[in-house]
Amino acid sequence: MEQFCNQITLRGTLVDMPIFSHENHNRKFYKFYLDVHRLSGAVDTLPVITDLSLLEQIDLTGGSKIRVEGQIRSHNRSDDSGRHLLIFVFATELYAEDGEYINDLTISGPICREPNYRQTPLGREICDVMLAVPRAFHRADYLPCILWGRTAQLGAECHTRDWLQIEGRMQSRVYTKYIDEHAYERTAYEISALRAAVRSEPD
């Protein structure tokens, strides 16, 4: 596996029909959500952005699951409540097909914030890291990752600018944010690491 990597494969159930998202360089992009079930029974509802040309090649009305091949992207957006880091899947291939649920990814890049290691009250080890995953034109996608157990111990030994390669899944997490004493339900998207390894920085 190359050190420089951003790949994700999903197979899930379409929540609603795609809706228009934005237009860029005369290309129209649409957004939809996939429900991807975990073995535990929990469901991750994940956002996907795709070019209209890919949607026109498949039938979304047949009741099949959708398989997505693509990359995980991030985008900073500002509104009245502050700045938000938006995480989504950018689809490069789409297929209408049945089969088991899939949520597999591999990403690599430098850590851009000091890792945050902690333990739960039950003693479970967790380490949060933020990777700056490079992409074309000297840009990067900033992706929050959660490492568990021995993987968390590895993350705790790392520092800013160390390169990590992570294999795992993308997950959704609903939380409540309070703004001026008002409660707002939000959804966070993050990478749950199954495996991680320190890599040397590519030339």
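The values are calculated or read from the model by the stated rules, or taken from the named source; none is laboratory data. Everything numeric in this text was worked out from a predicted model, so none of it was measured. Every residue, glycine among them, receives a Cβ derived from its backbone with ideal geometry; neighbour counts consider all protein chains shown. Each accessible area value is taken on the protein alone, full model and side chains, heavy atoms only, with ligands, DNA and RNA left out. Shrake-Rupley method; radii C 1.70, N 1.55, O 1.52, S 1.80 Å.
Annotations
- Only a single item in (1) free of Cβ contacts under 8 Å to residues at least 60 places away in the same chain; (2) open to solvent by 40 Å² or more (accessible area, probe 1.4 Å); (3) in a strand (DSSP E or B); (4) under 25 Å from residue 45 (Cβ atoms) is not met by residue 142, and it is number (1).
- From the list 171, 165, the one residue that fits, being closer than 18 Å to residue 126 by Cβ and either modelled with pLDDT of 95 or more or not in a loop (DSSP other than H, G, I, E, B) (or both), is 171.
- Some residue of region 110-118 being farther than 19 Å from residue 144 by Cα and either among the acidic types (Asp, Glu) or touching a residue at least 24 places away in the same chain (Cβ under 8 Å) (or both): no
- Residue among 66, 107, 49 that alone is surrounded by 14 or more Cβ atoms within 10 Å (Cβ to Cβ) and touching a Cys at 6+ places or on another chain (Cβ under 9 Å): 107
- One residue from 85, 10, 34, 55 being touching a strand residue (DSSP E or B) at 6+ places or on another chain (Cβ under 9 Å), of a type in the set (A, V, I, L, M), over 28 Å from residue 195 (Cα atoms) and surrounded by 14 or more Cβ atoms within 10 Å (Cβ to Cβ): 55
- Listed by first and then second residue, the pairs linking a residue in region 51-65 that is within 13 Å of residue 14 (Cα to Cα) to a residue that is of a type in the set (S, T, N, Q) and surrounded by 10 or more Cβ atoms within 10 Å (Cβ to Cβ), with Cβ atoms under 7 Å apart and 6 or more places separating them unless they lie on different chains, are 65/13.
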